[in-house]
Amino acid sequence: MARFIGIDLGTSSVLIYVKGKGIVLDEPSAVAVNDETGELVEIGRDALMMLGRTPAGISVIKPMSEGVISKYEVTLTMLQQFIKKATAMSQIFKPIIAVCVPSGITDVEERAVRDAATQIGARYTYLIEEPLAAAIGAGVDIMSPDAQMVVDIGGGTTDIAVISYGQIAFSESVRVGGDKFDEAITRYVRRRHNLLIGERTAEKVKTEIGSVWQREEPLTLEVKGRGVIEGLPKAVKLTSSEMVGALEEPVTSIVEAICAVIEKVPPEMLKDITKKGIIMTGGGSMLYGLDRLIANVTGIKTRVAENAISCVAIGTGMALERYLKDPGKAISFTREKKRYEFD
């Protein structure tokens with residue numbers, strides 16, 4: 001009678017997958033709280049709308065940072081509310097929960113995730129590495145002997161992995177993702193145009209005209225903020241061509257990490273990867289031209305998965321279903337030398 005839930009607990013958003021229903025919740029990882037009492041004011045999308053507009057005494061908090069829990073109590077409150085909203089969770093039948101985690105997570109960070117799941121009422125908790133979950137959600141046959149490279153670009157981290165025989169053979173995790181893209185845009189606009197813009201404006205720029213490859217027809221977008229020199233409202237027009245230079249630093253970190261993994265891969269695996277190509281998942285993979293840039297640098301064809309944003313959550317839920325259906329033939333999820341109890 002227990003519910004089976006997969007959770008993509010991301011820096012930018014939380015997605016919840018329920019067995020038999022698919023994705024039932026997709027909300028920003030944000031909470032608005034009263035500074036004096038600590039009481040919850042808003043959560044998710046409603047809280048994010050308040051960012052930069054809150055009255056005195058109310059703060060908007062993002063409890064996840066670089067793919068891991070940074071504010072434990074706030075994360076607990078957020079998860080409890082999200083699961084209640086998504087599943088109407090029973091107090092009698094506790095759920096079995098699978099949570100995806102970055103491949104570079106530390107033991108302390110891992111323990112925080114397990115404790116959080118227990119606190120919200122999980123009967124059992126399983127942890128799955130993000131690139132493995134992303135591969136399953138993208139429809140990759142991870143049990144195949146042919147190696148497959150997956151690059152999952154989330155809000156706080158980018159996980160690169162080479163998967164073969166249901167295991168991660170080589171991996172790399174860098175704490176660069178969509179949030180770093182926003183920060184790079186904010187710095188560029190301040191340096192180049194002497195304009196201060198907020199987080200939401202930077203995200204809008206990234207979504208609408210963000211590019212790492214020159215477009216055939218450049219796009220423009222007018223943004224408003226506060227002038228650095230005069231301290232008054234100011235508007236400037238940004239172009240997609242400018243964004244190529246603005247995003248160079250964080251994108252270079254991701255490309256270098258991909259190349260570092262490729263350098264470790266044996267020739268036979270590299271042959272498989274070259275044949276099958278690199279598959280990209282996560283919200284960051286939607287950045288215009290990123291797949292073309294990676295293909296140009298590595299010489300390996302690269303594509304963005306369908307439903308790239310929800311691949312990790314779907315894969316997490318599918319892996320849990322596979323385990324519950326036939327534990328004897330379930331996949332073993334591993335990280336370095338540690339073995340998760342998943343088989």
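The values are calculated or read from the model by the stated rules, or taken from the named source; none is laboratory data. Please read these numbers as outputs of a predicted model, since none were measured by experiment. Don't worry about glycine lacking a Cβ; one is built from the backbone with ideal geometry, like all the others, and counts go over all protein chains shown.
Can you confirm whether residue 52 is surrounded by fewer than 18 Cβ atoms within 10 Å (Cβ to Cβ) and touching a Gly at 6+ places or on another chain (Cβ under 8 Å)? Working first, answer last.
Values: surrounded by fewer than 18 Cβ atoms within 10 Å (Cβ to Cβ): yes; touching a Gly at 6+ places or on another chain (Cβ under 8 Å): yes.
In short, yes.
Considering 97, 83, 160, 105, which residue is touching a Leu at 6+ places or on another chain (Cβ under 9 Å), surrounded by 15 or more Cβ atoms within 10 Å (Cβ to Cβ) and assigned to a strand (DSSP E or B)? Lay out the reasoning, then the answer.
Working: 83 fails: assigned to a strand (DSSP E or B); 160 fails: touching a Leu at 6+ places or on another chain (Cβ under 9 Å); 105 fails: assigned to a strand (DSSP E or B).
Just one listed residue meets the conditions, 97.
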| note | Contact list, first residue from the stretch 148-175 and more than 19 Å from residue 319 (Cα to Cα), second anywhere and acidic (Asp, Glu) and assigned to a loop (DSSP other than H, G, I, E, B), beta-carbon distance below 7 Å, six or more apart or interchain, is 156/66; 157/66; 175/66
| In this structure, does residue 223 turn out to be touching a residue at least 24 places away in the same chain (Cβ under 8 Å), under 16 Å from residue 237 (Cβ atoms), among the hydrophobic types (A, V, I, L, M, F, W, C) and assigned to a strand (DSSP E or B)? | yes
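Can you find even one residue in the stretch 245-257 that is polar (S, T, N, Q) and either within 29 Å of residue 30 (Cα to Cα) or touching a His at 6+ places or on another chain (Cβ under 8 Å) (or both)? Step through it out loud before you land on a result.
Just the residues of the stretch 245-257 that are polar (S, T, N, Q), to begin with: 252-253.
With the extra rule that they be either within 29 Å of residue 30 (Cα to Cα) or touching a His at 6+ places or on another chain (Cβ under 8 Å) (or both), the set shrinks to 252-253.
The answer is yes; a qualifying residue exists.
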| said: Being of a type outside the set (A, V, I, L, M, F, W, C), touching a Leu at 6+ places or on another chain (Cβ under 8 Å) and more than 27 Å from residue 225 (Cα to Cα) is true for just one of 20, 6. Which residue is that? | reply: 6
| field | Residue pairs meeting the criteria (Cβ under 7 Å; at least 6 apart or on separate chains; first in the same structural domain as residue 75 (by TED's automatic domain parsing), in the stretch 106-119; second part of a helix (DSSP H, G or I) and of a type outside the set (Phe, Trp, Tyr)) | value | 116/75; 116/76; 116/79; 119/76
| query | How about the stretch 111-143: which of its residues are of a type outside the set (A, V, I, L, M), under 13 Å from residue 316 (Cα atoms) and surrounded by fewer than 24 Cβ atoms within 10 Å (Cβ to Cβ)? | reply | 125, 126, 139
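Among the residues of the stretch 57-74 satisfying the criterion of being hydrophobic (A, V, I, L, M, F, W, C) and within 18 Å of residue 99 (Cβ to Cβ), which is surrounded by the most Cβ atoms within 10 Å (Cβ to Cβ)? Steps first, please.
Of all residues in the stretch 57-74, those hydrophobic (A, V, I, L, M, F, W, C) come to 58, 60-61, 64, 68-69, 74.
Remaining after also requiring within 18 Å of residue 99 (Cβ to Cβ): 64, 68-69, 74.
Working: 64: 25, 68: 22, 69: 19, 74: 21.
Across the stretch 57-74, the extreme among qualifying residues is 64.
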| field | Boolean, residue 25 is within 17 Å of the chain's Cα centre (by Cα), surrounded by 16 or more Cβ atoms within 10 Å (Cβ to Cβ) and of a type in the set (A, V, I, L, M, F, W, C) | value | yes
| How many residues, within the stretch 273-304, are farther than 28 Å from residue 218 by Cα and either without any contact (Cβ under 8 Å) to a residue 60 or more places away in the chain or surrounded by fewer than 18 Cβ atoms within 10 Å (Cβ to Cβ) (or both)? | 4
| query | Given the conditions (1) touching a helix residue (DSSP H, G or I) at 6+ places or on another chain (Cβ under 8 Å); (2) among the polar types (S, T, N, Q); (3) surrounded by 14 or more Cβ atoms within 10 Å (Cβ to Cβ), and given that residue 194 satisfies all but one, which numbered condition is not satisfied? | reply | (1)
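Determine whether residue 231 is crowded, with 20+ Cβ neighbours inside 10 Å and either of a type in the set (Asp, Glu) or not in a strand (DSSP E or B) (or both).
Working: crowded, with 20+ Cβ neighbours inside 10 Å: no; either of a type in the set (Asp, Glu) or not in a strand (DSSP E or B) (or both): yes.
No: the conditions fail for residue 231.
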